[in-house]
Amino acid sequence: MKVTIAYIEEPPFGWTEADRTATGADIDLADAVLRAIGATRIEHRLTTFSELLPGVEAGRWDMNVPLFVTPERANLVAFSVPVWAIGDGFLVKAGNPKALNSYVSLAKRHDARLGIIAGQVQHDSARASGVSEDQIAIFEHQADAIEAVRSGAIDAYASTALGNRILADRIGGPVLEAVEHKPGTNGKQQGLPLGAFSFNRRNSELLNAVNGQLRSYLGSPDHRARMARFGLTHNEIDPALAR
């Protein structure tokens, strides 16, 4: 059985190594699960975030790496059981010169600009917390958003708190820092947002097989050890297991 999974450049969840192989926490989890259900060939398809849902919906590949589950997205694709739960954060210049620690704090600074990847849930979260559209810059690629923070074109890049922490560590030096959003500061959001693999809604056979393996594998010692290599801990894993 051959399975093609699409991914994006977003450490620690997925990225492309120098030898063009795909790696990352989500890639590693997918490979372990797919091998266990009998996949003999796994292909990784690099794409942009805005193409993930249309691509799997159109059948250009079989499944996507995990992304946040929303009702709107669930109308387009079928989601697996949740595999992680992660809150948002900002990547800012070192020292956080505008003291940005939530979407609400950014909304109050009319001179602050926020970078977001096209189609990601952070756009809706920011708008719901009062960030105006003219404060938001949309990017197709994470690397461009990071460069915009470096250059001062934007004051913060919004993504997962975990992803930004990994980015800040990888970039190193006194250039950028990750800021985790303070609990309870982003409006009405209850609990951490959940991430799950997504599939074409007609591909129930693959979805059911993946779900069956995920239910027995998630939270196991092997799963936790694999995820720990990429910086995911019980903080990201356990809230998903409770759903």
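The values are calculated or read from the model by the stated rules, or taken from the named source; none is laboratory data. Bear in mind the structure is a predicted one, so any value in this text is a computation, not a measurement. Here the Cβ positions follow ideal geometry from the backbone for every residue, glycine too, while neighbour counts run over all protein chains shown.
Can you go through 28, 19 and tell me which one is out of contact with any strand residue (DSSP E or B) (no Cβ under 6 Å at 6 or more places or on another chain) and touching a residue at least 60 places away in the same chain (Cβ under 8 Å)? Reasoning before the result, please.
Values: 19 fails: touching a residue at least 60 places away in the same chain (Cβ under 8 Å).
Only one candidate passes the filter, namely 28.
If residue 158 satisfies every condition in (1) farther than 25 Å from residue 37 by Cα; (2) part of a helix (DSSP H, G or I); (3) touching an Asp or Glu at 6+ places or on another chain (Cβ under 9 Å) but one, which is the exception?
(2)
What is the number of the single condition among (1) surrounded by 14 or more Cβ atoms within 10 Å (Cβ to Cβ); (2) outside any strand (DSSP E or B); (3) modelled with pLDDT of 95 or more that residue 125 does not meet?
(3)
Of the residues 131, 175, 149, only one is farther than 27 Å from residue 242 by Cα, without any contact (Cβ under 8 Å) to a residue 60 or more places away in the chain and in contact with a helix residue (DSSP H, G or I) (Cβ under 8 Å, 6 or more places away or on another chain); which?
Details: 175 fails: without any contact (Cβ under 8 Å) to a residue 60 or more places away in the chain; 149 fails: in contact with a helix residue (DSSP H, G or I) (Cβ under 8 Å, 6 or more places away or on another chain).
It is 131.
Quick one: which residue in 138, 116 is modelled with pLDDT of 95 or more and more than 13 Å from the chain's Cα centre (by Cα)?
Values: 116 fails: more than 13 Å from the chain's Cα centre (by Cα).
Just a single option satisfies the conditions, and that option is 138.
Quick check, is residue 87 buried (at least 16 other Cβ atoms within 10 Å of the Cβ), on the phi < 0 side of the Ramachandran plot and under 13 Å from the mean Cα position of the chain (by Cα)? First the steps, then the outcome.
Working: buried (at least 16 other Cβ atoms within 10 Å of the Cβ): yes; on the phi < 0 side of the Ramachandran plot: yes; under 13 Å from the mean Cα position of the chain (by Cα): yes.
Spelling it out, residue 87 is indeed buried (at least 16 other Cβ atoms within 10 Å of the Cβ), on the phi < 0 side of the Ramachandran plot and under 13 Å from the mean Cα position of the chain (by Cα).
Kindly evaluate residue 56 against the criterion of being touching a Phe, Trp or Tyr at 6+ places or on another chain (Cβ under 8 Å), of a type in the set (A, V, I, L, M), closer than 23 Å to residue 116 by Cα and in a helix (DSSP H, G or I). Outline the logic, then answer.
Details: touching a Phe, Trp or Tyr at 6+ places or on another chain (Cβ under 8 Å): yes; of a type in the set (A, V, I, L, M): yes; closer than 23 Å to residue 116 by Cα: yes; in a helix (DSSP H, G or I): yes.
Against the criterion (touching a Phe, Trp or Tyr at 6+ places or on another chain (Cβ under 8 Å), of a type in the set (A, V, I, L, M), closer than 23 Å to residue 116 by Cα and in a helix (DSSP H, G or I)), residue 56 qualifies.
How many residues are surrounded by fewer than 19 Cβ atoms within 10 Å (Cβ to Cβ) and either in a loop (DSSP other than H, G, I, E, B) or modelled with pLDDT under 95 (or both) when one looks only at the stretch 17-38?
So the answer is 7.
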